[in-house]
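Asker: Pasting a structure below so you can have a look.
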């Protein structure tokens with residue numbers, strides 16, 4: 001079980017790093033899927049949500065990317081699965097994965113001076129709810145909990 | 001036809017109110033003067049009252065010119081602002097972004113602000129209430145009443161925002177606003193608002209460039225969201241742009257077809273007096289924008305750090321009485337467009353960052369145009385012209401020729 005869960009999480013990172021969004025969506029369970037990006041703000045003393053989408057909403061964001069003006073600097077996710085726990089009754093798995101995201105400049109700033117430079121862009125964790133079945137593991141829910149609260153110009157991409 | 005250097009640097013054949021010299025964005029000496037003549041004299045919003053809802057709650061903030069501030073709600077419920085600098089040895093007094101003075105510090109009493117360095121304590125009205133070994137050190141030469149905190153003029157208004165002015169001799173906030181908020185009073189002031197979103201980023205751009213993304217709507221072409229939900233709608237280009245005294249400017253009510261963007265929903269929620277799917281926007285000189293899009297209010301505040309660096313803070317607000325389900329809906333509506341993963345914010349920030357790269361000192365950039373005239377409707381650039389008219393009045397410089405004062 002643990003092996004298929006870690007494989008799912010790492011496959012997801014590799015798909016997103018390659019900007020193969022369809023491959024990432026294929027790892028998610030369309031029915032009831034929820035994708036969120038959240039963080040805790042010590043400025044307003046509450047947890048806040050910066051993105052909340054179901055499967056259809058996430059798919060729509062991805063499919064409309066070509067119509068948007070986006071910073072095309074690639075984001076590279078470096079993940080380490082810390083903990084995997086299965087609920088004995090439901091069989092569902094909860095996984096905690098630490099995450100560091102690096103950005104390699106392409107055209108977001110001055111491409112003549114800056115392109116090719118890599119910098120740490122954000123840190124946080126994935127809190128995943130996963131179902132493991134005969135067909136393999138599928139993401140039921142992902143909460144990307146960011147520790148980083150200043151993320152420059154933001155992004156159009158799922159993390 | 002492309003142009004030679006001589007042609008490229010020739011002044012546009014337009015009135016000097018309709019173009020500007022890019023040195024208004026890049027010259028350090030102009031930036032320093034802006035801080036002194038504009039930011040140190042005008043009312044600036046620093047946070048929202050819901051960020052410090054209870055007596056003894058505090059919020060730290062700052063305004064241009066490296067002014068660290070602490071905003072405190074007193075036992076009397078009055079909100080006061082102080083320079084967050086200890087008068088003894090210049091240390092920062094309150095370090096956390098937000099919290100309550102009721103929580104004791106390692107060295108200091110609850111209800112007071114304690115400087116951790118030497119234990120000087122100040123109450124929520126700014127009075128110094130404790131100097132360790134006061135008599136032993138200062139005898140009769142200095143006492144607590146000599147060393148209170150520097151208090152900053154503060155008012156709470158326009159949807160519960162906390163406004164400060166560093167000029168002790170300034171007029172009231174209402175004189176400065178000059179009626180600009182009148183068309184949003186029902187929406188903003190009928191009932192208490194509550195913050196649900198806060199984000200900030202230091203962006204490599206001049207503060208005016210970011211503010212200008214709210215001052216002109218011709219850049220609708222940048223945003224697929226605006227093209228899909230706004231520009232294709234009947235009457236969109238008839239939307240009026242209104243100019244107020246002191247450099248403020250507003251775009252009047254329009255209706256947006258939010259569900260025209262695939263995957264988005266109609267806006268079910270609204271604010272008091274705001275029609276379904278409505279949108280109003282007000283720009284306050286020199287660096288604040290209120291944008292009320294149907295279900296959520298976004299307030300954007302810029303704090304200039306240098307001529308090419310700006311702290312941008314964005315707050316999202318709903319109604320205090322929202323149910324959890326309503327609040328969740330407002331948050332989702334807000335983040336679709338304006339969150340750091342929203343569709344428009346990223347595009348606007350990308351644009352101003354690239355402007356800053358292209359216009360850096362010595363790049364060869366010379367004049368920018370703000371000359372569109374469309375009967376003061378949405379793609380007219382009157383919002384930019386009104387901004388620089390006020391800028392010129394306060395700086396005593398023409399934006400089209402900024403290195404000379406108007407007296408020369």
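The values are calculated or read from the model by the stated rules, or taken from the named source; none is laboratory data. Source: prediction; values computed, not measured. Every residue, glycine among them, receives a Cβ derived from its backbone with ideal geometry; neighbour counts consider all protein chains shown.
Asker: Are any of the residues in the range B:341-361 within 8 Å of another protein chain (Cβ to nearest Cβ), within 21 Å of residue A:46 (Cα to Cα), under 19 Å from the mean Cα position of the chain (by Cα) and touching a residue at least 24 places away in the same chain (Cβ under 8 Å)?
Answerer: No, there is no match, as no residue in the range B:341-361 is within 8 Å of another protein chain (Cβ to nearest Cβ), within 21 Å of residue A:46 (Cα to Cα), under 19 Å from the mean Cα position of the chain (by Cα) and touching a residue at least 24 places away in the same chain (Cβ under 8 Å).
Asker: Oh, and also: On the given criteria, is residue B:310 buried (at least 23 other Cβ atoms within 10 Å of the Cβ), touching a helix residue (DSSP H, G or I) at 6+ places or on another chain (Cβ under 7 Å) and within 14 Å of chain A (Cβ to nearest Cβ)?
Answerer: It is true that residue B:310 is buried (at least 23 other Cβ atoms within 10 Å of the Cβ), touching a helix residue (DSSP H, G or I) at 6+ places or on another chain (Cβ under 7 Å) and within 14 Å of chain A (Cβ to nearest Cβ).
Asker: Step by step: first the residues of the range B:78-108, then only those that are free of Cβ contacts under 8 Å to residues at least 24 places away in the same chain and crowded, with 17+ Cβ neighbours inside 10 Å, then the one that is nearest to the other protein chains (Cβ to nearest Cβ). Which residue is that?
Answerer: Among those residues, the one meeting the criterion is B:105.
Asker: From the list A:131, A:149, which residue is more than 10 Å from chain B (Cβ to nearest Cβ) and either at pLDDT below 95 or surrounded by 13 or more Cβ atoms within 10 Å (Cβ to Cβ) (or both)?
Answerer: Of A:131, A:149, the one residue that is more than 10 Å from chain B (Cβ to nearest Cβ) and either at pLDDT below 95 or surrounded by 13 or more Cβ atoms within 10 Å (Cβ to Cβ) (or both) is A:131.
Asker: What is the residue count in the range B:362-386 for residues that are closer than 23 Å to residue B:307 by Cβ, loosely packed, with under 15 Cβ neighbours inside 10 Å and in contact (Cβ under 8 Å) with a residue 24 or more places away in the chain?
Answerer: Here the count works out to 2.
Asker: Considering the range B:323-340 alone, what residues qualify as being in contact (Cβ under 8 Å) with a residue 12 or more places away in the chain, farther than 15 Å from residue B:312 by Cα and either at the interface with chain A (Cβ under 10 Å from one of its Cβ atoms) or more than 19 Å from the chain's Cα centre (by Cα) (or both)?
Answerer: Within the range B:323-340, B:326, B:327, B:329, B:330, B:331, B:333, B:334, B:335, B:336 meet the criteria.
Okay, residues lined up against (1) within 14 Å of chain A (Cβ to nearest Cβ); (2) buried (at least 23 other Cβ atoms within 10 Å of the Cβ):
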{"position": "B:11", "(1), (2)": "no, no"}
{"position": "B:21", "(1), (2)": "no, no"}
{"position": "B:30", "(1), (2)": "no, no"}
{"position": "B:43", "(1), (2)": "no, yes"}
{"position": "B:50", "(1), (2)": "yes, no"}
{"position": "B:60", "(1), (2)": "yes, no"}
{"position": "B:64", "(1), (2)": "no, yes"}
{"position": "B:67", "(1), (2)": "no, no"}
{"position": "B:76", "(1), (2)": "no, no"}
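Asker: When residue B:262 is evaluated against the numbered criteria (1) away from every other protein chain (no Cβ under 12 Å); (2) touching a helix residue (DSSP H, G or I) at 6+ places or on another chain (Cβ under 6 Å); (3) surrounded by fewer than 21 Cβ atoms within 10 Å (Cβ to Cβ), which criterion, by number, is the only one it fails?
Answerer: It fails just one condition, (1).
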